[in-house]
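Here is the structure we will look at.
The values are calculated or read from the model by the stated rules, or taken from the named source; none is laboratory data. The structure presented is a predicted model; accordingly, all values stated were derived computationally and were not measured. Cβ placement follows ideal geometry from the backbone for every residue including glycine, while neighbour counts extend to all protein chains displayed. In case anyone asks, the SASA skips ligands and DNA or RNA and just uses the protein heavy atoms, side chains included. Shrake-Rupley method; radii C 1.70, N 1.55, O 1.52, S 1.80 Å.
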Amino acid sequence: MADKNETEADTGRTDASAEADGSNGAHVGDALLSGNGEVASTDGEAESAEAAAKRVEVETDAEGTIGAEFGDEVLEPAPEKSDDIKDKSSDAYHAKVTAKAGTTAGLVTGLVKELRPKQWVKNVLVLAVPFAAGEILDPVVLWHAVVAFIVFSMAASGIYFVNDAIDVEADRQHPTKRNRPIAAGLIPVPIAYAVCVLLLGGSLLISAFTSTPLLVVMAVYIAVQLGYCFGLKHQPVIDLCIVASGFLLRAIAGGAAAGLVITQWFYLIVAFGSLFMVAGKRYAEVKLALETGAKIRKSLKAYSPSYLRFVWAIAAAITIMSYALWAYDIREFEMSRWGLISIVPMVVAILRYAVDIDKGVAGEPEEVVLKDKVLMVLGLILAGCLFLAFYL
């Protein structure tokens, strides 16, 4: 009788343990239905509640983070609360930033920061057409290219102001974007719009005095980017095209300012090369969201990693094909073999950049290049080959 009671007690304890761990008597290795509707197993492979919560957050996020021109926004997972003043997501850091709100020093600091001068490095692309046309050493052409650089920098900074002014309320709910000058209160919204008008208007005015083609290019650029800010950034595929078009318009502006004409192959290289990098950046963002549960924009919800891989693979193929055709044009018109030789570093550079994309670490193009020394060397070799082709 004692043995029987002990057996029943042991059985009771076993049933209680089974109910406590969620198996309720299921055999080890049998599939169980987890709380989120997925099938899991009792051998420790079941999806954790925390991971499930992160995944659901990614899937159900409707608003996402709000980006800026060129898609330069950084996708971040929701950080844990921290009191470290150096942590940009901490309340301590935010308090430090907002402490200057309402002061002249804070306004000046905010205006300089909102201009985002580090992003101006992208505008160096205006030198591409003068260089490829073999006219970069001409002082007049070089001066027009510098003017194109200035007006594009003004226009891009103006777009940053209007974008952040539109998204000020959304940014204030974001753990790190709340530190942006407008969201933090360093720049009042009316002043932000006034500065935007001055920058965009000044860009168009200077362009008009330089050349009519440059004015047309800048007007198209500003119109497209304003459309991006006012809602097109949430439209799948359209957002990719708009971001890529920013790079193409920069290249066109460099030629338009100086009145230079260049083969269509060059513009195809820039267009699809830009699409290649933009799709790669979006691929990294989506991959990060799936792995960490980071919030994403509406447009990114429509993309899957496989679709973006398809886009950047096609863009890379067209870029390489267009470059090869352009290189044969160089041999025909410049009577130089260096154009054909440059195909080698160009293809290797594309494949190398694709490695970074595939790893999901392809952020801003300039950052990827600066962090990859091999890419930098390949870029220098490519530029050297083209210099020999056009100038020797």
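Annotations
- Condition met for Arg309 (assigned to a helix (DSSP H, G or I), closer than 15 Å to Ile357 by Cα, open to solvent by 60 Å² or more (accessible area, probe 1.4 Å) and free of Cβ contacts under 8 Å to residues at least 60 places away in the same chain): yes
- From Ala279, Ala289, Ala284, Ala302, residue being surrounded by fewer than 17 Cβ atoms within 10 Å (Cβ to Cβ), under 23 Å from the mean Cα position of the chain (by Cα) and in contact (Cβ under 8 Å) with a residue 24 or more places away in the chain: Ala302
- Any hit, the range 275-283, residues being of a type in the set (Ser, Thr, Tyr), over 17 Å from Ser153 (Cα atoms), touching a Pro at 6+ places or on another chain (Cβ under 8 Å) and not in a loop (DSSP other than H, G, I, E, B): yes
- Residues of the range 227-255 satisfying the condition of being of a type in the set (A, V, I, L, M) and surrounded by 18 or more Cβ atoms within 10 Å (Cβ to Cβ): Leu240, Ile242, Val243, Ala244, Leu248, Leu249, Ala251, Ile252, Ala253
- The listed residue being without any contact (Cβ under 8 Å) to a residue 60 or more places away in the chain, out of contact with any strand residue (DSSP E or B) (no Cβ under 7 Å at 6 or more places or on another chain), surrounded by fewer than 17 Cβ atoms within 10 Å (Cβ to Cβ) and assigned to a helix (DSSP H, G or I), out of Gly379, Gly339: Gly379
- Any hit, the range 176-197, residues being within 30 Å of Ala253 (Cα to Cα), crowded, with 20+ Cβ neighbours inside 10 Å and aromatic (Phe, Trp, Tyr): no
- Applying a threshold of 7 Å to beta carbon distances and a minimum spacing of six or more residues, or different chains, the list of pairs starting in the range 252-273 at a residue that is on the phi > 0 side of the Ramachandran plot and ending at one that is open to solvent by 20 Å² or more (accessible area, probe 1.4 Å) and charged (D, E, K, R) is empty.
- Taken over the range 318-331, the residue count meeting the criterion of being farther than 17 Å from Leu392 by Cβ and open to solvent by 20 Å² or more (accessible area, probe 1.4 Å) is 7.
- Single residue of the range 351-376 satisfying the filter (of a type in the set (D, E, K, R) and assigned to a helix (DSSP H, G or I)) that is least open to solvent (accessible area, probe 1.4 Å): Asp356
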